[in-house]
Amino acid sequence: MHPRDPIGPTPGEPVAGLDTPHLLVDLDAVDANLRVMFAGGRRYGVDVRVHFKSLKCTGLARYVAAAGADGFACAKLNEAEALADAGLTDVLLANQAVGPLKTRRAARLAARANLIVCADDPDNVRELAGAARGAGSTVGVLVEVDIGMNRCGVPAGPAVVELARLVASLPGLRFRGLQGYDGHLQMLPDAAERRAKSLAGCEQLVAARRLVEAAGLPVEIVTGGGTGTWDVVASVPGVTEIQPGSFVVMDAAYHQVRPEFACALSVRAGVVSRRPGAYVLDAGTKAISRDFGTPAVKARPGDRVVRTNEEHTIVEAAEPGPRPGEAVEVWPAHCCATVNLHRTLVAVRGGRVEAVWPIECSGRYD
Ligand SMILES: Cc1ncc(COP(=O)(O)O)c(C=O)c1O
């Protein structure tokens, strides 16, 4: 429980008695999601490095690690540090650490964790090497390859080899391999199109691997993929790991394209008002992210969220709607951004609270 939470839930308590709103995670649904993903990883012979940006909570990360995750990816250094603090020390910063402050921080973290960072720029690589030497640590580096997302990464081709050579030549750094992330494809609704485009991106990534190996540099790790493309990326020979995150808790938007994973994350919200055909909840955009679209009401498939304000959600009800004082659970459309709005995650199983975890990294962007 977050210290500011005045009426915190306690383990053993029935969910039906909890105050509203609260962010819940259903552990039975998480277990099922982890089973599907980890069995898939084994089937394809790849590691599953779980992206912590969707969890932001080390209690849940420990739970995922105990179920068999092959390490964690993260988006920001604060997440990598929180993981290391929790004893989860196999960490990929699936982004760049740039500038003197961030490179020093990464180098210091590498002294107590098996840290790998991504790089796509020679000056950044030199700065990172200097920071690592200053800290007396070794930072693992993946060269990030742009496989079509047009975000970070060098183009697949000779530039990858050049940067890999530079990394391998600098004391303080250890060249570990390549990352290519197909983020632009994750939510493509047409599965055949998603698959074809993802395979095309992976071909570029694996071709880059061959170029680097031909230059005499061993490539241990080739990583990419997310919840939307996990099985496609995992199936490509030459890829060694996948890095999905949302699949652990899922959301209403991702569930449309990857129905094999269940929605485990919900905001329990109380009904504060009712009129014919509609009811109003005590959780709005400050508790349920709208950046990926409209949330859905769990166990009431006929109901439709029609509006959200800061502190209210208005739902059109298939009659009869719930009454003021009752509560429903809402599946957010975007799990990562919703977790980021809360400070406490209530882990539930079979209608009871099993654990209450702080979400240490919510609201942090460093
Ligand atoms: C670099 C990187 N890898 C993997 C992911 C996978 O995330 P998800 O499984 O939530 O789609 C993301 C999501 O933003 C990402 O930025």
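Listing for the model above:
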| quantity | calculated |
| --- | --- |
| Near pairs, Cβ below 9 angstrom, 6+ apart or cross-chain, from segment 177-188 (in the same structural domain as residue 149 (by TED's automatic domain parsing) and within 23 Å of residue 334 (Cα to Cα)) to any residue that is buried (at least 18 other Cβ atoms within 10 Å of the Cβ) and at pLDDT below 95 | 187/292 |
| Segments classed as strands (runs of 3 or more DSSP E), wholly inside segment 264-353, with at least 1 members that are crowded, with 16+ Cβ neighbours inside 10 Å and of a type in the set (Phe, Trp, Tyr) | 278-281, 327-331 |
| Meets criteria (in contact with a strand residue (DSSP E or B) (Cβ under 8 Å, 6 or more places away or on another chain) and either assigned to a helix (DSSP H, G or I) or not basic (Lys, Arg) (or both)) for residue 101 | no |
| Top-ranked residue in segment 246-261 [being out of contact with any His (no Cβ under 9 Å at 6 or more places or on another chain) and either outside any helix (DSSP H, G or I) or farther than 13 Å from residue 230 by Cα (or both); ranked as farthest from the ligand (Cβ to nearest atom)] | 259 |
| Test: residue in segment 6-19 that is among the charged types (D, E, K, R) and either in a helix (DSSP H, G or I) or touching a helix residue (DSSP H, G or I) at 6+ places or on another chain (Cβ under 9 Å) (or both) | no |
| Selection count where residues are more than 30 Å from residue 132 (Cα to Cα) and either more than 16 Å from the ligand (Cβ to nearest atom) or more than 24 Å from the chain's Cα centre (by Cα) (or both), scope segment 166-194 | 3 |
| Residue in segment 38-47 that is buried (at least 24 other Cβ atoms within 10 Å of the Cβ) and either within 16 Å of the ligand (Cβ to nearest atom) or among the hydroxyl-bearing types (Ser, Thr, Tyr) (or both) present | no |
| Residues that are touching a residue at least 40 places away in the same chain (Cβ under 8 Å), outside any helix (DSSP H, G or I) and not aliphatic (A, V, I, L, M), drawn from segment 24-70 | 26, 47, 49, 51, 56, 57, 70 |
| Filter result (surrounded by 20 or more Cβ atoms within 10 Å (Cβ to Cβ), in contact (Cβ under 8 Å) with a residue 40 or more places away in the chain and over 27 Å from residue 35 (Cα atoms)) within segment 202-214 | 205, 208, 212 |
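A quick yes/no check of all residues on (1) within 16 Å of the ligand (Cβ to nearest atom); (2) under 24 Å from residue 113 (Cβ atoms); (3) crowded, with 19+ Cβ neighbours inside 10 Å:
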{"position": "154", "(1), (2), (3)": "yes, no, yes"}
{"position": "164", "(1), (2), (3)": "no, yes, yes"}
{"position": "196", "(1), (2), (3)": "no, no, no"}
{"position": "216", "(1), (2), (3)": "no, no, no"}
{"position": "228", "(1), (2), (3)": "yes, no, yes"}
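The values are calculated or read from the model by the stated rules, or taken from the named source; none is laboratory data. Because the structure is predicted, anything quoted here is derived from the model rather than measured. Reconstructed Cβ throughout: ideal geometry from the backbone, glycine too, with neighbour counts over all protein chains shown.
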